[in-house]
Amino acid sequence: MKALALGRVIPLVEVSVADPAKQSFHGYDVTTAESPLRDARSRPLRDLRISVTDRCNFRCIYCMPKEVFGKDYAFLPRHELLSFEEIERVARVFVGLGVEKIRLSGGEPLLRKDLEHLVARLATLRTPQGADVDLTLTTNGSLLSRKARALRDAGMKRITISLDAIDEAVFQRMNGVGFPAAVVLEGIDAALRVGLAPVKVNMVVKRGVNDTQILPMAAHFRGTGVEVRFIEFMDVGASNGWNMESVVPSSEVLDIINPSFPLIAIRRKNPSDTSVRYRYADGDGSIGVISSVTQPFCGGCTRLRLSSDGRLYTCLFASRGLDIRNPIRSGLSDESLRGLVADLWTKRADRYSEGRGENSVAHGQSKVEMSFIGG
Ligand code: SAM
Ligand code: SF4
Ligand code: SF4
C-alpha cells in the first residue's frame, strides 16, 4: 500500500472581537446560550477534552517515542499550566455554551497532583438544562490502583484505560519504558471494584508491533463488562513516524475477531460517537472500533481541545491553538471569553481526517502532538 501524504494546515482563526459580549455569532446569542453553538459545518460544540499535563511516565512508540521525548525534552514549567481554578472557570463557560461531556486527558492525567480535586470541582457543573456533565478520564492506568477510589469519590463516573497488549513483552515494548501490563490490569480491576462504569479499554493497533494481540485482548475482556476499543494508529503530531503500512484497518480487526467470537453490529446512538460498536452474538459483551484513518468521522466531530497551557484546538491535527490563558490572566471577563470561544467555534471548518492525503504540510508548519492536547 502506498503511504498517504501527510497533513494539512489548520489555519489559526484570527479573533478580532471588539466587544465580544455584545456580539451574536451566526444568530447565536452568546450571553443567553440556549441552543448549542454550531461551527461552519453545522456541528454543535458538545465535547471538551482537557489536557491537564503534557508529561507522561510512558513513552508509547506511537505517541511519545523516547527518541524524541528524551531526558532533555522541555516540558512545560508549572506556572504555564492552567490551575484547577482556571480550568474550572473555563469549563463552566463551555458548559454554558452547550458542552455536555468533559474528558480529562494528557500526557498522563494521573501525574497531575491531586487531580481528584479538579474532578470534584468539575463534578459540580450543570448544563443550562440542569443536567450533570458527563465527566470522564483517559489514563494509561499505571497509577489507577491508587487513585480509582479517590476519583470515584470526587464524582468521576466512568473511565477509559489505555492498554495495547496483554502479553508482557509486547506491551512493555509498546509503552517504551518496560511498564508491566499486570499493573495496568490491576488498575482496571480497581476501577471496576470501586464502581467506575462503564470501564473502557483503548488499544492502539500498530501493524507488526501488537497486531498479534487483537484476539488475546478480545478474549481477555470478553465477559468482564469491559469494552475494548481497537483504534487505528493515527498520524497525529510529527514524532511517531506514521505511515499507512503501519495502520491495521478496523475491517481487518473485525475479520480477526469474528471467526472466533461472532459479532453483531450495534446501531450508533450518537453521530458524534468515535467508535462503532459490535456485540458478541453469544451475549458476552461488546467491542468497539475507532476507524479514524479508514472511515473518518469528521462530519460528527463536536470536540474542542484545551491544552494544559490554555490553548484551544479545534482539531486533533491542528498546528496552532488559540491562547486563552494569557487573556484570562490579564482579566478577561466570562462574557468576553464566551465571545472568543463562540468566534472560534463558529468559524471552525476542520475535517482533517476526511481530507487526509489531499493536502501536504505547509513549509514550517507541524501538527500538535497528541500528548499535548490529549486523545
Ligand atoms: N496518557 C493517557 C492514555 O494513554 O490513556 C491519556 C492521553 S493519550 C494521548 C489518549 C489516547 O490517545 C490513548 O488512548 C492513546 O492510546 C491514544 N493515542 C495516542 N497516540 C495515538 C496515535 N498515534 N494513534 C491513535 N491513538 C493514539
Ligand atoms: Fe503517555 Fe498516553 Fe501518550 Fe502513551 S498514549 S505516551 S501513556 S500520553
Ligand atoms: Fe474532528 Fe479533526 Fe478528528 Fe476530523 S480530524 S474527527 S475534525 S478532530
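Of the candidates 48, 110, 118, the single residue that is buried (at least 21 other Cβ atoms within 10 Å of the Cβ), within 16 Å of ligand 3 (Cβ to nearest atom) and not in a loop (DSSP other than H, G, I, E, B) is 48. In the list 50, 102, 61, which residue meets the criterion of being closer than 17 Å to residue 368 by Cβ and hydrophobic (A, V, I, L, M, F, W, C)? Step by step, each of 50, 102, 61 is checked, and only 50 is closer than 17 Å to residue 368 by Cβ and hydrophobic (A, V, I, L, M, F, W, C). Of all residues in segment 71-82, exactly one satisfies the criterion of being assigned to a loop (DSSP other than H, G, I, E, B), surrounded by 10 or more Cβ atoms within 10 Å (Cβ to Cβ) and more than 20 Å from the chain's Cα centre (by Cα), namely 73. Do you know which residues across segment 324-342 are in contact (Cβ under 8 Å) with a residue 24 or more places away in the chain and either of a type in the set (Phe, Trp, Tyr) or assigned to a loop (DSSP other than H, G, I, E, B) (or both)? Once the filter is applied, which keeps residues that are in contact (Cβ under 8 Å) with a residue 24 or more places away in the chain and either of a type in the set (Phe, Trp, Tyr) or assigned to a loop (DSSP other than H, G, I, E, B) (or both), segment 324-342 yields 324, 333. Tell me the residue from 346, 294, 302 that is within 14 Å of ligand 3 (Cβ to nearest atom) and either buried (at least 22 other Cβ atoms within 10 Å of the Cβ) or closer than 21 Å to residue 101 by Cβ (or both), please. Selected residue: 302, the only one of 346, 294, 302 that is within 14 Å of ligand 3 (Cβ to nearest atom) and either buried (at least 22 other Cβ atoms within 10 Å of the Cβ) or closer than 21 Å to residue 101 by Cβ (or both). Restricting the first member to segment 260-282 and to residues that are under 22 Å from residue 101 (Cα atoms), and the second to residues that are surrounded by fewer than 12 Cβ atoms within 10 Å (Cβ to Cβ) and aliphatic (A, V, I, L, M), the beta-carbon pairs closer than 9 Å and six or more apart or on different chains are 276/265; 277/265.
Scanning segment 289-323 for residues that are within 14 Å of ligand 1 (Cβ to nearest atom), assigned to a strand (DSSP E or B) and closer than 22 Å to residue 373 by Cβ yields 290, 303, 305, 306, 313. Has segment 49-71 got at least one residue that is more than 16 Å from ligand 2 (Cβ to nearest atom), at pLDDT 95 or above and farther than 14 Å from residue 154 by Cβ? No, segment 49-71 contains no residue that is more than 16 Å from ligand 2 (Cβ to nearest atom), at pLDDT 95 or above and farther than 14 Å from residue 154 by Cβ. If you go through segment 81-104 and keep only what is farther than 21 Å from residue 154 by Cβ and touching a helix residue (DSSP H, G or I) at 6+ places or on another chain (Cβ under 8 Å), you end up with 93, 96, 97. Apart from one condition, residue 3 fits all of (1) modelled with pLDDT under 95; (2) buried (at least 16 other Cβ atoms within 10 Å of the Cβ); (3) on the phi < 0 side of the Ramachandran plot; the exception is (2).
Mind checking which residues of segment 113-147 are away from ligand 1 (no atom under 11 Å from the Cβ) and in contact (Cβ under 8 Å) with a residue 60 or more places away in the chain? Scanning segment 113-147 gives 115, 118, 128. When 61, 102 are checked against the criterion of being touching a residue at least 60 places away in the same chain (Cβ under 8 Å) and either in contact with a Leu (Cβ under 8 Å, 6 or more places away or on another chain) or not polar (S, T, N, Q) (or both), 61 stands alone in meeting it.
The values are calculated or read from the model by the stated rules, or taken from the named source; none is laboratory data. What you are looking at is a predicted structure, and each value in this text was computed from that prediction instead of being measured. When we count neighbours, we look across all protein chains shown, and the Cβ atoms used for this are built from the backbone with ideal geometry, even at glycine.
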